[in-house]
Every structure is written in C-alpha cells, then in structure tokens.
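Participant: Next up is a structure, given as structure tokens.
The values are calculated or read from the model by the stated rules, or taken from the named source; none is laboratory data. For clarity, every value in this text was computed on a predicted model and none was experimentally measured. FYI the Cβ positions are ideal-geometry reconstructions off the backbone, even for glycines, and counts take in every protein chain you see.
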Amino acid sequence: MSFAVLLTVKVLAVLGLMLGGALVVIYAELKVGAHMQNRIGPYFAGGRFGWAQPFADALKFMQKEDLVPDGADDRVYKLAPYVVLMGTIGVFVVLPLSPRFVARDLDLGAFYALAISSLTTLGVLMAGWSSNNKYSLIGGLRAAAQLIAYELPLVLAVVAVAIQAGTLSISGIIEAQAAPAFSIGELNVALPYILTGQIIGFAIFVVASLAELSRIPFDMPIAESELTMGFVTEYSSIRFAMFFLAEYAGMVSMSALATAFYLGGYQLPGLSATAVEVLGPVIFISKVFLLSFLFIWLRWTLPRFREDQLQSLAWRWLIPAALLNIAITATFKVVF
Amino acid sequence: MSFGDWIGQLENWIFAILAVGTLSGAFLVVHSRNVIHSALGLVLTLGSSAGLFLMLGAEFVAWTLVMVYIGAVIVLFLFGIMITRAPLGYESDLSHPMSVKVTAAIVSGSMFALIGWAFLDAFGSVEFPVAEGPTRTADIGISMFTNYVIPFEVMSFLLLAALVGGIVLARQDPEEVDE
C-alpha cells in the first residue's frame, strides 16, 4: 500500500475512533445520568432508547448561528476550539487497540500523549481571554490553574508506570504487563499493573484525569451556578460542539491511557497471544467504556469541590503521593 | 542542487512551511501590539521548531519542547498576563520610539551574526550523518546517566536552587504580613 493511501486510512481510523468513542460516551452520559436520577433520559430520537440523541444534538449545533461577541478578539476566539480539539485528537494516534491495530506506535508514546494533551490548556486560556466576558476570563484562569496543578500528578503517576515497564512506548507498557507476575508450578500468571504495585498510581491517575477533563467533582472552571458556563459561555453552534466533543473525546482518551497503563490494555489474564490478536480491540474498548462509566458515575454522585480544596488536594496530597509512588516503584525495580 | 530539484522534494516543502511558521511567529512576538498575541506568536515559533526537530528525527527533543514550553511555560506566561492585565485590542504604550527599535535591531542582529559565525566556524565543513529513523529515547537516557551525569546533576542542583530562591522571594510569613 502506498504511503498516501496508508496515511488516509490511518487518519480516518483515528477520526472514526475519536468520534465513535465520543458519541457513545455522550449517549451513555445522557442515559446513565438519567437512570441514576430516576429519569428515563433520551427516549424518542431514533425510535428505540433514543439512540440517535447524540446525532440529533450534533445536527442541532450545526444549524445554529456561529456568533462572535462584540469586542471579542476575532482570530483567537475562532482558533481556540481547534487548539482544544487538536490536543484531544493527538492522543488517539498512539492508542494501540491490539498488537497490530495502532496508527503509530511511537517509541515515546506515553510522553507524546501527555505532551500533546497539554495543548488543551492553551486552547482553554485562549477561549477564556478572547471572549470579552468576565465569566469566560475567570473560567479560563480557573481552568488553567487547575490543569497546571493536576498535570503534575498525572505525569508523575505515568513516570512510575514507565519505570516499572522500562519503556515509554504504550505498546511496550502493555506488553510488559503480559510478562508473568508469578508462577504456580507450570502456570505463569500475568497481571495488569493495577494489581502488581500501581494501585496508588492508578488512583492518582484517575483523580488527576478527572480534574484534567474539568468534570465534576472538579468542574470549578465551568461552575454554572457562578460562572454561567466558564470559558465556553460565549461559544455557540459548531464551535461550542467542538468544545463539547473535546470534553467527551478527552474522556475516552484518558480512559484509554489509564487502560493501557494500568489495566493491561488489550491483554486479558489467561488469554493466549493469538486470541489477543483477534479479540484485542474488543477487550481494549470494553475496558475504556468501563472506565468512562466510572467517570460518569462519579459525576452524577459527587458534589463540586471548592477552589481551595481542589488546589490543596493536588499540591498537598496527590503530588507527594505520586513522588512517593515513584520512589517505591524505583526501589522495587532495583531490588527485585 | 538546483532550485528545481530542491522544490521537487516533499520534505523541503515541509521544511519551508515550518521555517515560515517559525519566522512569522517570531516576528509576531516582537511586532504585535497586544501582549497575548505576542505570547501566541511564541507558541507558533516553538511549535514550528518542534516540527523542525521532528524532521531531524529528534523526537524526544521535539515533544519536550511541546510539553515544557507550550504546555507549561507559555501557559504560565498567559496565566500571569491574564491575571494581572490583558486588555483586548491593541495598546499604544507597547510601542517604543524609533531610537530604541534601531538599537534593539542592531543588538539582536549582531547577536545573530555572532552565533551564526560561531556555528559556521565550528561545524561549517563537518558533515553529520543523518540517523536512520528517530533517535531512541532509551539511548538518550543512557548517555545522560553515563557520559553526561555530572552536567545533569549540576543542572538539577541549579534548578533546585532556583526553586528554593523563588519560594524565599515570593513567600511572606504570616508575622511579617501583620506588621
């Protein structure tokens, strides 16, 4: 296959994975959230179970007028959603659905994923500032403060994983989790990292990624009771839909990273290599949706953190815990 | 190599786009009359430089540039500007008189000439072999912790000293505030 054809196929696969994953998670959010509150949720769109609700929402957003507020910084305002979405799409490039089904298996995939997703912060600040709205500006500043604070524990948690696996490649980390953790006689048992020493790291990663996604209980940047909608207040139409999509696609990508780092990715204990080759994508995507369900569950269960509680959780608890986790992992790596 | 050959290769097109991005970003940084636009111009410059590093196969350097500079340093710049003052539109007092502009142009021009001359003098005739594919991150790590371990430790000590100094300068103890 020529380079151009392969490139097109890969780009379409990455986009399909992102859009497909995000649409399913949006629908799950509507439906799961509704049932948690004893409602039914989407019911009519599409005929059964309201399955077409996310598509209907997308079409509705596209029909609306694309407004730019008076006195806003036109170019920065229009560019901001693209920057946010770029940081989200970039992560999907390195996600391996099976040993062979991956767009690009970078040698430093984990590092790349964290680097490219930090672009989101930039887009949020651009959106908040350029809207010419105090709510937006405060929302953007809160978001930036929060994203800076929680990016550190997120990265530090991944450092411990990289130390244990001895590689930064995401496929490499998944393969390292297929190595036998212990043996009973002839039987080698391979366990994912969450069961072999990274349970604290997993907890830190999940909490920090909730904060990175600005989801409840960490949604101070878009706290609707005080900031209307934070940095997205002024956005309408397709640009609002891009922020919306970035949030849910971000949920998928964060869940996918957590799956790869801690839950064994496309591996399942007791499954042979040939079975993984075929069933890999199903296993990986099931794990991703399981984690996304956890995120949705937390959203509809917990109240919102206050700004100072949120900052002190990051700086006084998560970062020291993540550093301790690195020290312990490194010690175990050297000693055993 | 003639211009026709040069323009016929795809990587030269990519290089040209990245070079234009780097230079126009840098121009925006010094020329814009809005501080936020200047900071965003820096994003363009650093992003294009990361692209240039990618073209050389230096993946680790490229993504470090994205993570550290775009993801952290520029975000802190923007955060600092926005939390103090960041008016929309253009400011008139950001522009300097002509004499200052000329002096700045002379200083930066001679600096560029000096660095360029130093590079050409040192490496002008040396041909560096282009690596096959991207550099392995593990190799960088190993050379950092064997050949370059002392510079690495000195750097980390320097950063620690800067961190402590920053905290000492910024911190006000509660008793001092009361006075």
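Participant: Return the residues of segment B:40-78 that are over 26 Å from residue B:16 (Cα atoms) and either more than 7 Å from every other protein chain (Cβ to nearest Cβ) or surrounded by fewer than 18 Cβ atoms within 10 Å (Cβ to Cβ) (or both); say none if nothing qualifies.
Facilitator: B:72, B:73, B:76, B:77
Participant: Could you tell me whether any residue of segment A:36-46 is under 28 Å from residue A:302 (Cβ atoms) and touching a Ser or Thr at 6+ places or on another chain (Cβ under 7 Å)?
Facilitator: Within segment A:36-46 (the criterion being under 28 Å from residue A:302 (Cβ atoms) and touching a Ser or Thr at 6+ places or on another chain (Cβ under 7 Å)), the answer is no, since none of the residues qualifies.
Participant: Can I ask one more? Assigned to a loop (DSSP other than H, G, I, E, B) and facing chain B (nearest Cβ under 10 Å): does that describe residue A:115?
Facilitator: No.
Participant: Among the residues of segment B:93-146, write down those that are under 19 Å from residue B:62 (Cα atoms), without any contact (Cβ under 8 Å) to a residue 40 or more places away in the chain and not in a loop (DSSP other than H, G, I, E, B).
Facilitator: Hits for segment B:93-146 are B:138, B:139, B:141, B:142, B:143, B:144.
Participant: Mind checking whether some residue in segment A:266-286 is at pLDDT 85 or above and farther than 20 Å from residue A:24 by Cα?
Facilitator: No, that holds for no residue.
Participant: Please work out which residue is farthest from residue B:80 (Cα to Cα), limiting yourself to segment A:145-161 and to residues that are surrounded by fewer than 24 Cβ atoms within 10 Å (Cβ to Cβ) and facing chain B (nearest Cβ under 10 Å).
Facilitator: So, considering only residues that are surrounded by fewer than 24 Cβ atoms within 10 Å (Cβ to Cβ) and facing chain B (nearest Cβ under 10 Å), the one farthest from residue B:80 (Cα to Cα) is A:155.
Participant: Are any residues in segment A:141-186 assigned to a loop (DSSP other than H, G, I, E, B) and either of a type outside the set (D, E, K, R) or under 26 Å from residue A:105 (Cβ atoms) (or both), and if so, which ones?
Facilitator: Listed by number, the residues that qualify are A:166, A:167, A:168, A:169, A:177, A:178, A:179, A:185.
Participant: Could you say whether any residue in segment A:92-105 is assigned to a helix (DSSP H, G or I) and either modelled with pLDDT of 85 or more or away from chain B (no Cβ under 11 Å) (or both)?
Facilitator: Yes, there is a match, as at least one residue in segment A:92-105 is assigned to a helix (DSSP H, G or I) and either modelled with pLDDT of 85 or more or away from chain B (no Cβ under 11 Å) (or both).
Participant: Here is a follow-up. Of the conditions (1) at pLDDT below 85; (2) among the aliphatic types (A, V, I, L, M); (3) more than 27 Å from residue B:49 (Cβ to Cβ), residue B:86 clears all except one; give me its number.
Facilitator: Of (1) at pLDDT below 85; (2) among the aliphatic types (A, V, I, L, M); (3) more than 27 Å from residue B:49 (Cβ to Cβ), only one is false for residue B:86: (3).
Participant: While we're on this one: I'd like the full set of residues that are more than 12 Å from chain A (Cβ to nearest Cβ) and not in a helix (DSSP H, G or I), limited to segment B:25-39.
Facilitator: B:33
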